[in-house]
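Let me begin by presenting the structure, written as structure tokens, before commenting on it.
The values are calculated or read from the model by the stated rules, or taken from the named source; none is laboratory data. Since the model is a prediction, treat every value here as computed from it, not as a measurement. Cβ coordinates were reconstructed from backbone atoms using ideal geometry, including for glycine residues, and neighbour counts include every protein chain displayed.
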Amino acid sequence: MNLLLTQAFLVTLLLSKVYAQINPTELEKAAKFVPNGYSVLRVAQGDLNNDTINDLILVLNKKGEESLSTSEHPVKRKVLVLIAKLDKSYILAAQNENVIYYYNYDPNFKDAFVDLNIKKGMFSIDHYGGFAQRWGRTTTFDYDVSKKKWYLTRDAFETFESTDVEKTTKEKKYTAKDFGKTAFESFDIYKERN
């Protein structure tokens, strides 16, 4: 990635409070993984593989997705898992284009992607949308040390009527017992769960 693109990447990240606690040097190292035509929508930092070294997850969106992405022609977002090495560089450990809903997936909220959280050896992705009937979804992946991969461990759904949350809330929680062993790279958020 050229210097101008790297600088633009860093300025974009530094202006956002989401990235305020991530060292700018770490962000500069991650910039080389961002393909042309994409920008960073979200970054999270934490120990993803239980080695006590902070790693990164980047959520990338295609530039101009707001005007390009439709239900007929969705512009999917990339999620990159970057593992820190002892020499303080990063390697791309995993990626997936079907783990975060595309822009305009929910016609009311447009951007249903809410948050990305890392805790030791795991990460979760949160979505939220709807209008009168609201919905939420939290998808969680845990690290398997023996396989050196992240696997889906929980996929939780919640719906409720915005006018009466307490009486209308419904939850469905799926675990590996329901969906089997699903690697992060193979997960498809668009696949229906029974």
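Examine the stretch 93-101 for a residue that is closer than 27 Å to P24 by Cα, assigned to a loop (DSSP other than H, G, I, E, B) and out of contact with any strand residue (DSSP E or B) (no Cβ under 9 Å at 6 or more places or on another chain), and state whether such a residue exists. Checking the stretch 93-101: not a single residue is closer than 27 Å to P24 by Cα, assigned to a loop (DSSP other than H, G, I, E, B) and out of contact with any strand residue (DSSP E or B) (no Cβ under 9 Å at 6 or more places or on another chain).
Can you tell me which residue among K17, K76 is charged (D, E, K, R) and at pLDDT 90 or above?
Among K17, K76, only K76 is charged (D, E, K, R) and at pLDDT 90 or above.
Just wondering, is there one or more residues in the stretch 33-46 that are under 22 Å from D142 (Cβ atoms), hydrophobic (A, V, I, L, M, F, W, C), modelled with pLDDT of 90 or more and in a strand (DSSP E or B)?
yes
Being under 21 Å from V34 (Cα atoms) and surrounded by 11 or more Cβ atoms within 10 Å (Cβ to Cβ) is the requirement here; does E158 meet it? In short, no.
Is one or more of the residues making up the stretch 125-135 touching a residue at least 24 places away in the same chain (Cβ under 8 Å), surrounded by 20 or more Cβ atoms within 10 Å (Cβ to Cβ), more than 25 Å from E26 (Cα to Cα) and among the charged types (D, E, K, R)? No; the residues of the stretch 125-135 include none that is touching a residue at least 24 places away in the same chain (Cβ under 8 Å), surrounded by 20 or more Cβ atoms within 10 Å (Cβ to Cβ), more than 25 Å from E26 (Cα to Cα) and among the charged types (D, E, K, R). Selection over the stretch 102-121 of residues that are part of a loop (DSSP other than H, G, I, E, B) and either touching a helix residue (DSSP H, G or I) at 6+ places or on another chain (Cβ under 7 Å) or under 15 Å from K78 (Cβ atoms) (or both) gives a count of 2.
For the stretch 152-191, the set of residues classified as of a type in the set (D, E) and either under 15 Å from H127 (Cβ atoms) or assigned to a helix (DSSP H, G or I) (or both) consists of D155, E158, E166, E171, D178, E185, D188, listed by residue number.
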